[in-house]
Amino acid sequence: MKKVVLGISVVVLVTFFSLACLAADPAKAVLDEVTNRTASALGKIDSDLSRAAKAIGEGLAPGADMRKAVHDLCAGKGYSIDCAFINAKGIMEIVEPEKYRKHEGSNLGDQAIVNRIHETRKPLFSELFTAVEGLQGIAFHYPVFNRKKEFAGSVSLLISPDVMVRECLKDMKLGAGTGIVILQPDGTNIYASDPSQARLNVLKSTEYKGFHELREMGTRIVKEKEGTATYRYVKPGSEKVVKKSAAWKTLPFYDSYWRVVITTEKR
C-alpha cells in the first residue's frame with residue numbers, strides 16, 4: 001500500500017511541476033505548439049510530394065495517370081496555388097488545377113530552385129518569390145526518377161505560406177498581447193498573426209526603421225537557431241509603443257528552415 005501511495009505522490013508532484021513550468025513560461029508552450037503544428041503540415045507536404053513523385057516516375061509517358069498524380073497533390077490543400085511536373089529540361093509538362101494549365105510548356109530553367117534540384121536531385125523548398133503564375137508563394141520540389149533510376153525532373157507544389165500556417169493554427173487560442181511570426185532565412189515574414197507585418201523583412205523594411213532593439217533582435221533571429229530577447233514596437237492596431245519579449249526556435253525542413261517566433265507584450 002505504501003508503494004502505491006508513493007507512486008501516486010510522485011505522479012502528482014510531476015504533474016504539479018509540469019503545470020507550474022507551463023504557467024511560468026506560457027510563451028514556450030505556445031512556441032512549441034506552433035512549431036509542432038507547422039512541422040506536421042510540412043510533414044504532410046513531404047509525404048504527398050513523395051507519393052506524387054513515385055507515381056509520376058513509374059509512368060513517364062503523357063497520360064491521365066500522370067495528370068491525376070499532379071492533381072491529387074493539390075487536392076484538399078486550401079493553401080495550394082498549383083502543382084506541376086517539371087521535366088529534366090525545366091519545362092512545365094503538367095500543371096493543375098485547370099485554370100493554370102495555360103502555363104504548361106513554360107520554361108523554368110532560369111529559376112534558382114529548378115537549377116538547385118537539377119544539381120542536388122534532393123527535395124528542397126524556396127523562399128518567397130513571384131512565380132510564372134504571377135503570384136507570390138513558396139515552392140516545394142521533390143525529385144522524380146524513372147524506373148531505371150534516372151533523374152527525370154521534379155514535382156512541385158506552389159503554396160501561399162501564410163494561408164498554410166493560418167490553417168494550421170485556426171483553432172489555437174492565443175492570450176492577449178501574444179503574437180506569432182514565422183521568418184524565412186533572409187528575415188522576411190512568411191506569416192504574421194498581425195496582418196500589418198505580413199511579408200515585411202525585419203532587417204530591411206522601412207516599417208521597422210527607428211526601432212533599433214527590434215533590428216538587433218532580427219539580426220540575432222537570422223543568425224541564431226533559438227533564443228530570447230526584449231524590444232519595443234508598436235502595439236497592433238494602435239500607435240502606442242510597448243515593450244515586448246520574444247522567444248524563437250528553428251523549424252528545419254529539407255535543405256532550409258523557418259524561424260518560429262512568439263512575441264508577448266510585457267505588462
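The values are calculated or read from the model by the stated rules, or taken from the named source; none is laboratory data. From a predicted model like this one, the values you see are computed outputs, not experimental measurements. Backbone-built Cβ (ideal geometry, glycine too); neighbour counts: all protein chains shown. Side chains included, ligands, DNA and RNA excluded: accessible areas come from the protein's heavy atoms. Shrake-Rupley method; radii C 1.70, N 1.55, O 1.52, S 1.80 Å.
Among residues of the range 230-254 that are on the phi > 0 side of the Ramachandran plot, those with a Cβ under 6 angstrom from a residue that is surrounded by 13 or more Cβ atoms within 10 Å (Cβ to Cβ), sequence gap 6+ or separate chain, pair up as Tyr254/Pro123; Tyr254/Leu124; Tyr254/Phe125. Can you tell me which residues in the range 92-125 are polar (S, T, N, Q), under 23 Å from the mean Cα position of the chain (by Cα) and surrounded by 14 or more Cβ atoms within 10 Å (Cβ to Cβ)? Hit for the range 92-125 is Gln111, nothing else. Here the range 126-150 is the region considered, the condition is being under 21 Å from Ser256 (Cβ atoms) and of a type in the set (A, V, I, L, M, F, W, C), and the residue that is nearest to the chain's Cα centre (by Cα) is Ile138. Checking each residue in the range 70-99 for being within 12 Å of Ile56 (Cα to Cα) and hydroxyl-bearing (Ser, Thr, Tyr) picks out no residue at all. State whether one or more residues within the range 55-65 are open to solvent by 60 Å² or more (accessible area, probe 1.4 Å), touching a residue at least 60 places away in the same chain (Cβ under 8 Å) and assigned to a loop (DSSP other than H, G, I, E, B). Yes, because at least one residue in the range 55-65 is open to solvent by 60 Å² or more (accessible area, probe 1.4 Å), touching a residue at least 60 places away in the same chain (Cβ under 8 Å) and assigned to a loop (DSSP other than H, G, I, E, B).
When you look at Ala69, is it crowded, with 17+ Cβ neighbours inside 10 Å and farther than 19 Å from Val163 by Cβ, yes or no? Yes; evaluated as a whole, the condition is true for this residue.
So which of Thr264, Thr219 is part of a strand (DSSP E or B), polar (S, T, N, Q) and open to solvent by 10 Å² or more (accessible area, probe 1.4 Å)? Don't jump to the end; show me each part of the working.
Numbers: Thr219 fails: part of a strand (DSSP E or B).
Among Thr264, Thr219, only Thr264 is part of a strand (DSSP E or B), polar (S, T, N, Q) and open to solvent by 10 Å² or more (accessible area, probe 1.4 Å).
Suppose we filter the range 224-249 for residues that are open to solvent by 60 Å² or more (accessible area, probe 1.4 Å), assigned to a loop (DSSP other than H, G, I, E, B) and either polar (S, T, N, Q) or closer than 15 Å to Arg267 by Cβ (or both); how many remain?
2
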